[in-house]
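S.K.: Sharing a structure, written as structure tokens. Questions coming.
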Amino acid sequence: MEKVVTVEGLRRAYSGKKVFLTGHTGFKGAWMLQILHWLGANVKGYSLAPEKAQDLYNQIDGDKLCYSSVIADVCDKQKLQVELGRFEPDFVFHFAAQPLVRRGYEMPSYTFMVNAQGTAHMLDAMRILPGKTVGVMITTDKVYDNPERGLPFAEDDKLGGYDPYSASKASAEIVIDSFRRSFFNPSRYPEHNKSIAAARAGNVIGGGDYSDDRIVCDIVRAISFGETVGLRNPASVRPWQHVLEPLSAYLMLGAAMAEDPVKYATAYNFGPNPDDMLTVEDLTKVFIEHYGAGDYQDTSDSKAVHEAKLLLLNSEKAKTELGWESKMDARTAIQWTAEWYADKHHTAHEKCMKQIEAYF
């Protein structure tokens, strides 16, 4: 698969192709939109409107990077089916989700509806497409039943979820596998022409994220108001990775699936080196160092809702089968993120493109 690892290889895979991107107004979706536009793809976005005026999609003027942008809900099955059917894409990247653990506790039914039922709607809509279509369904590293033993999870480990968000994403994985077996079985590919894969990554950081209840966003927000950063879970260990890491993986996976739609129609982990572990407190220290300002304090609460303290992925399958592996260690990912926010001299799109070009 080396020929799709390079920029030239990715351009061969996506230039001039039609890509249906759900969640394009979100943080990861906005970065993905910029990369796909840079690679020459024609992107039709389908997503809810950005939540905040300063969201990255608005900062990069995302509408201008889209072939078309549809503001709608993946829970609207009929609308999704119509918009997908009109476009007849070569690729589908399904990012749309309720992505926050704490919001999952506040809105459990909605979280299950968007993450599980929304995924079912997406896959069901793909059934009507007449031509060959690659579908990369984005889930999370939190889909695993996690006893927090410190062992990296492999793709065939047990799925589960303590909190509603994690459980909703594990449910989405079951939905994906069901559709793959029932309607898009690789053994019957010539009958349906659909290749479906699940992509698992998480704890993504990068410039332009302004979501609530994410550590980097909390740090940036506190610094901007001259406040001390409060750390809810300072000792929690996460496989921190820059947003460009999983996005490059999704693109490589999609390109591989287009070449061999049977072999790669499965699930893949895309995580950093399991030995490259930093706590939330470590991340905060490194970020403040490279941003050049800020301070923090421990605000942990023993009565707070449960969030996993330790979560690691085994990405050997992606390395062996796709040739993908993480390029950045955690400290570099944090440095790139801090430098993006600290740069006040360039536009958001300029900052993103500078890092995209440097990464690839």
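S.K.: Show me the helices (runs of 4 or more DSSP H) found entirely inside segment 234-348 where at least 3 residues are in contact with a helix residue (DSSP H, G or I) (Cβ under 7 Å, 6 or more places away or on another chain), touching a residue at least 40 places away in the same chain (Cβ under 8 Å) and crowded, with 21+ Cβ neighbours inside 10 Å.
M.R.: 244-259, 280-291, 330-342
S.K.: Inside segment 59-73, can you point out the residues that are without any contact (Cβ under 8 Å) to a residue 60 or more places away in the chain and among the β-branched types (Val, Ile, Thr)?
M.R.: Here is the first cut: in segment 59-73, the residues without any contact (Cβ under 8 Å) to a residue 60 or more places away in the chain are 62-73.
Result: 70, 71.
S.K.: Restrict the check to segment 180-192 and report whether at least one residue is more than 22 Å from residue 131 (Cβ to Cβ) and either crowded, with 21+ Cβ neighbours inside 10 Å or of a type in the set (Gly, Ala, Ser) (or both).
M.R.: Scanning segment 180-192 turns up no residue that is more than 22 Å from residue 131 (Cβ to Cβ) and either crowded, with 21+ Cβ neighbours inside 10 Å or of a type in the set (Gly, Ala, Ser) (or both).
S.K.: From the list 21, 56, which residue is hydrophobic (A, V, I, L, M, F, W, C), more than 16 Å from residue 248 (Cβ to Cβ), surrounded by 24 or more Cβ atoms within 10 Å (Cβ to Cβ) and at pLDDT 95 or above?
M.R.: 56
S.K.: Another question, then. Keeping to segment 114-173, report how many residues are assigned to a loop (DSSP other than H, G, I, E, B) and within 16 Å of the chain's Cα centre (by Cα).
M.R.: 2
S.K.: So, one more: Just one of (1) out of contact with any Cys (no Cβ under 9 Å at 6 or more places or on another chain); (2) touching a residue at least 60 places away in the same chain (Cβ under 8 Å) trips up residue 56, so point out which.
M.R.: Failed condition: (1).
S.K.: Is at least one residue of segment 87-97 over 20 Å from residue 32 (Cβ atoms) and not charged (D, E, K, R)?
M.R.: Looking through segment 87-97, none of the residues is over 20 Å from residue 32 (Cβ atoms) and not charged (D, E, K, R).
S.K.: One residue is enough: does segment 187-197 have a residue meeting the conditions within 28 Å of residue 278 (Cβ to Cβ) and either within 16 Å of the chain's Cα centre (by Cα) or assigned to a loop (DSSP other than H, G, I, E, B) (or both)?
M.R.: No: segment 187-197 contains no residue that is within 28 Å of residue 278 (Cβ to Cβ) and either within 16 Å of the chain's Cα centre (by Cα) or assigned to a loop (DSSP other than H, G, I, E, B) (or both).
S.K.: In this structure, is residue 83 more than 16 Å from the chain's Cα centre (by Cα), surrounded by fewer than 16 Cβ atoms within 10 Å (Cβ to Cβ) and either of a type outside the set (Val, Ile, Thr) or at pLDDT below 95 (or both)?
M.R.: No, not satisfied.
Per-residue answers, yes or no, for (1) charged (D, E, K, R); (2) touching a residue at least 24 places away in the same chain (Cβ under 8 Å); (3) under 23 Å from residue 84 (Cβ atoms):
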| position | (1), (2), (3) |
| --- | --- |
| 103 | yes, yes, no |
| 114 | no, yes, yes |
| 123 | no, yes, yes |
| 137 | no, yes, yes |
| 154 | no, yes, no |
| 160 | no, no, no |
| 173 | yes, yes, yes |
| 183 | no, yes, yes |
| 189 | no, yes, yes |
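S.K.: Another question about this same structure. Restricting the first residue to segment 28-47 and requiring it to be free of Cβ contacts under 8 Å to residues at least 60 places away in the same chain, which pairs with a second residue that is among the aromatic types (Phe, Trp, Tyr) and assigned to a strand (DSSP E or B) meet a Cβ separation below 6 Å and a spacing of at least six or different chains?
M.R.: 44/20
The values are calculated or read from the model by the stated rules, or taken from the named source; none is laboratory data. This is a predicted model, so every value here is computed, not measured. Heads up, the Cβs are rebuilt from the backbone with ideal geometry, glycines too, and the neighbour counts pull from every protein chain shown.
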